Amino acid sequence: MGSGGNKTSTTTAGTPDWTRPYIESAAKDAQSLYKSGQLDQVTGLNADQTAAAGGIRANTADANTTFNQAQRGQGIFGADAYGQVVGQLQPQIDDQVTRALGQQSGAFSQTGNLGGARAQAASAGAAGQIASDMSAAEVNAQRNSAMGGATAGLNAYSNLAQSGQAQQDQRQAELDAKYQGIQRMFGLINPGTVGSTQTTASTGGK
């Protein structure tokens, strides 16, 4: 009585036969893109990003100077700023003092106190108050302008950078469009979406 060899079975599984042409086509497209260098394209910086980088770099240095002066009480933020501003505003201060003293002289003239000690003290006080008020207002205005300008400059270039980033993202998406299309194809044709087939082949034995 003869004896036969051992019987073996081989099982293979995969996507249905009808999907193979699509998979092969997508694989060929992917290989073509790879060989042509289209799978590793990276878009460079655009004009807005370059301008924003330079602007942020320059404005950051200026802003840091302003912020540091504010923190340390230097420049327009220093105590001597008021004296410097008084010198800058002296013509305007003199004009305001002249007007105020003219009105004050009229009032004292009507009461018969013109030229008295009280009138002189009042005149000196009025002049000092005008100089103090005007210098304080100007110092505050210059400080606010300095801080606002530093912040606004940074914000403006930050917005430009965001615009540049959006443009770069769009350009990169365009460069990756074919690759993304192939990925979507493979995403659609897989066992999870089209199911799978299983084939068992037996060899040898009885």
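Here, each number is a calculation from the coordinates, and none is a lab measurement. As the structure is a computational prediction, the values presented were derived from the model and not from experiment. Cβ placement follows ideal geometry from the backbone for every residue including glycine, while neighbour counts extend to all protein chains displayed.
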> At a Förster radius of 35 Å, what calculated FRET efficiency corresponds to the Cβ-Cβ distance of Arg57 and Gln84, to the nearest 0.05?
Replying inline: 0.70
>> Just to verify a number: FRET efficiency for Asn155 and Gln129, C-beta to C-beta distance, R0 = 45 Å, to 0.05?
In response: 0.75
> Based on the inverse mean of 1/r over its pairs of different Cα atoms, what is the Kirkwood hydrodynamic radius of segment 156-206, in Å?
Replying inline: 15.4
>> At R0 = 35 Å, how high is the FRET efficiency between Asp17 and Gln183 if r is their beta carbon distance? Nearest 0.05 is fine.
In response: 0.95
>> Place a point 7 Å from Cα of Ala173 in the direction of its Cβ. Which residues in segment 37-68 have their backbone N less than 16 Å from it?
In response: 43
